[in-house]
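Quick notes on the structure that follows.
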Amino acid sequence: MTDYHPRSAAALKREVLAGGRASLFAIVRALWPDIWPSDRPDLKLRVALSMLLLLAAKLATIAVPFTFKWATDALTGEGSAPVLPGSWVFWGLAAPILMTIAYGGMRILMALLTQLRDGIFAKVAMNAVRRLAYRTFEHMHQLSLRFHLERKTGGLTRVLERGRNAIETIVRMVIMQLFPTILELALVTAVLFYQFDWRYVAVILITVACYMLYTFYATELRIGIRRQMNESDTDANVKAIDSLLNYETVKYFVAEEREAKRYDRSMARYEEASVRAYVSLNMLNAGQAIIFTLGLSAVMIMCAYGIRRGTNTVGDLVMINAMMIQLYQPLNFMGMVYREIKQAVIDIETMFAILAVEPEIKDRPGAKPLVVRKGAIRFENVSFDYEPARQILKGLSFEVPAGHTVAVVGPSGAGKSTISRLLFRFYDVTGGRISIDGQDIRDVTQKSLRSAIGVVPQDTVLFNDTIRYNIRYGRWDASNAEVEEAARLAQIDDFIRMSPKGYDTEVGERGLKLSGGEKQRVAIARTILKAPPILLLDEATSALDSHTEKEIQDALDRVSRNRTTLVIAHRLSTIVGAHEIIVLDQGGIVERGSHHQLLAKDGLYASMWNRQREAEAAREKLALVDDESAAPNRDPPRIEELAAEADEVPPIERADAAE
């Protein structure tokens, strides 16, 4: 996809007008590099050929009423058709038949040229759609995490879908409908002026002007209805996707009826707007038909008077009727073209607004790839806030030496996950700097930075594809053998092979067909496959039971050996072997040291450790009671006592124990 014109996306951004409104001229001008691409001479040839066919089709269209007139005059003995010299007798007998054949032949030629033109231009139109859709999709991925957290995915996909359709509409309508209609109107005006007189031209122009003015004002009234339809449609789509993605939660709380009613309320608004749109469309079509019929009747009455005076023939009446009826088709298209273009502009406005959003995180001019020599990470007096009124990190300084493991722990809200987001450069620090081997991560390319870091997140989300696809996502050029070796190291190979489809097993939407532990091991496998010099483990074993946790922890220990590893941890049992443990509280470091050193300090870390140990002990006792619950003469109060003991554990730790 690298052959795409580099100017177009930036041009589209600049062409977005104040208030999010984009003009048709601005849209076409911005799309022109995709319609006439400098790097695709084959598409340029198609555009040129389409224009020649368009002109030929319109000339054939204008010739059709003439053949109709000549055939009619031949039948009435007027003799207005052109004749061949030296064949007067034959011509007089054959003219009606020949002119009728010519009439049919011209109509066939007109249809063939039009369809051939549309077929040749189709590749140009769809290539323009593809190029801009690609850039929009790419741009969405370049936007910051903050942007996506504030938007709804269903709404974004709907914007992309409607914008893609709108681009196709604009390209096709302007090039294949609007321009040909203007050309045909000019040709019809010239013919009427030559064949009749200026009065006919005046009636036609007044009719067209009234037709277009009525279409303009009626369509403008429909624009607000269209916006309401789009908003209701997007709202219904967002609610449907959100509800289906949370299918299990809906079931947990028996909320099917509530979700259906919530969706139906959005659809009711869409229904109301749609009915108003259809009614207004009917009124528009009726008004257009009345205006055109009045104009048609006027010129035919004028021609009838001409026949009575002997200045016109019956063929002229037939000709002007055929020409007006023929003009009605492009005029009707003109009304439809205007409506469709206006609606397409509305649909594309949101896409343009997204293209106009500048990525919050961008590579600096002249940014160079990150060079990882050892992989040492340094946070130097780092401060950060999502909002100015709420500072998350306050002057944070620590180092993760090359090949060492440093863990960051602390209560909820202390800023642990923010550290991982800053290291990955989802956000830029508001103060201080983060460096890798002495290189400020703001001075290197984002691609090279993220390629050097492997992450196992707390909440693993998988693609709705196979297990093999999701593991290979870590390194796309990996062989099947490498994928399977990564799965073996992540302790998931045996599970995969027990499945009927093995590595080709579908994981479902967001990986819902797998358990939390299985999803986590897939995430670990793809990080193993990536083989980065730096590892970031963000609550990597939080979804696992104690037995699985031990297995995964062993695998992670092997993977992190000789790699710089930063661990964001909640379960303290997983980081007892870390070279250094940093304890955060309210955005600052309150303690640091090894596991044993921190226990000896008897501070916040020791308190967290003791509470988690108590929670684990209570959980083990409850599990023991469950195992022995079938034994006779069991004392029920003991169960209540143990449950009460577990209740004494603070809420955060009790949630951990419940795992």
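The values are calculated or read from the model by the stated rules, or taken from the named source; none is laboratory data. Note that the coordinates shown come from a computational prediction; the quantities given were computed from them, not determined experimentally. Cβ: placed from backbone, ideal geometry, glycine included. Neighbour counts: every protein chain shown. These accessible areas exclude ligands, DNA and RNA; they are computed on the full protein's heavy atoms, side chains included. Shrake-Rupley method; radii C 1.70, N 1.55, O 1.52, S 1.80 Å.
Quick check, is Gly163 open to solvent by less than 90 Å² (accessible area, probe 1.4 Å), at pLDDT 70 or above and outside any loop (DSSP other than H, G, I, E, B)? Walk me through how you get there before you give the answer.
Numbers: open to solvent by less than 90 Å² (accessible area, probe 1.4 Å): yes; at pLDDT 70 or above: yes; outside any loop (DSSP other than H, G, I, E, B): yes.
So Gly163 fits the description; yes.
Do any residues in segment 423-448 that are open to solvent by 20 Å² or more (accessible area, probe 1.4 Å) have Cβ atoms under 6 Å from those of residues that are in a helix (DSSP H, G or I) and of a type in the set (Gly, Ala, Ser), where the two are at least six apart or on different chains, and which pairs are they?
Taking only residues 6 or more apart or on different chains, not a single pair turns up.
Do you know which of the residues in segment 480-528 that are of a type in the set (Ser, Thr, Tyr) and open to solvent by less than 50 Å² (accessible area, probe 1.4 Å) is farthest from the chain's Cα centre (by Cα)?
First pass over segment 480-528, keeping only residues of a type in the set (Ser, Thr, Tyr): 499, 503, 505, 515, 527.
Subset that is open to solvent by less than 50 Å² (accessible area, probe 1.4 Å): 499, 503, 505, 527.
Values: Ser499: 34, Tyr503: 29, Thr505: 27, Thr527: 27 Å.
My answer is Ser499.
Yes/no matrix, rows are residues, columns are (1) farther than 30 Å from Ile307 by Cβ; (2) under 42 Å from the mean Cα position of the chain (by Cα); (3) open to solvent by less than 30 Å² (accessible area, probe 1.4 Å):
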{"position": "Asp34", "(1), (2), (3)": "yes, yes, yes"}
{"position": "Asp39", "(1), (2), (3)": "yes, yes, no"}
{"position": "Leu43", "(1), (2), (3)": "yes, yes, yes"}
{"position": "Leu49", "(1), (2), (3)": "yes, yes, no"}
{"position": "Leu52", "(1), (2), (3)": "yes, yes, no"}
{"position": "Thr61", "(1), (2), (3)": "no, yes, yes"}
{"position": "Val64", "(1), (2), (3)": "no, no, yes"}
{"position": "Phe68", "(1), (2), (3)": "no, no, no"}
{"position": "Asp73", "(1), (2), (3)": "no, no, yes"}
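Filtering segment 385-421 down to residues that are among the hydroxyl-bearing types (Ser, Thr, Tyr) and assigned to a strand (DSSP E or B), which residue is least open to solvent (accessible area, probe 1.4 Å)? Before the answer, list the steps.
Residues of segment 385-421 that are among the hydroxyl-bearing types (Ser, Thr, Tyr), as a first pass: 386, 397, 405, 412, 417-418, 420.
After this cut, where a residue has to be assigned to a strand (DSSP E or B) as well, the list is 386, 397, 405.
Numbers: Tyr386: 58, Ser397: 51, Thr405: 28 Å².
For segment 385-421, the residue satisfying everything is Thr405.
With the requirement that a residue be open to solvent by 70 Å² or more (accessible area, probe 1.4 Å) and either at positive phi or over 25 Å from the mean Cα position of the chain (by Cα) (or both), what does segment 456-479 give you?
Gln458, Asp477
Taking the conditions exactly as written (out of contact with any Pro (no Cβ under 8 Å at 6 or more places or on another chain) and either polar (S, T, N, Q) or within 17 Å of Ala367 (Cβ to Cβ) (or both)), does Asp428 satisfy them or not?
Yes: the conditions hold for Asp428.
Here's a check for you: in segment 255-275, which residue that is without any contact (Cβ under 8 Å) to a residue 24 or more places away in the chain and aliphatic (A, V, I, L, M) is least open to solvent (accessible area, probe 1.4 Å)?
Ala255
I want to confirm something. Restricting to segment 382-409 and keeping residues that are out of contact with any strand residue (DSSP E or B) (no Cβ under 6 Å at 6 or more places or on another chain) and more than 21 Å from Val372 (Cα to Cα), which single residue is modelled with the highest pLDDT?
Among those residues, the one meeting the criterion is Tyr386.
Considering only segment 480-538, give the helices (runs of 4 or more DSSP H) lying wholly within it that have at least 3 residues that are closer than 23 Å to Val372 by Cβ.
Fully inside segment 480-538 and qualifying: 480-489, 516-530.
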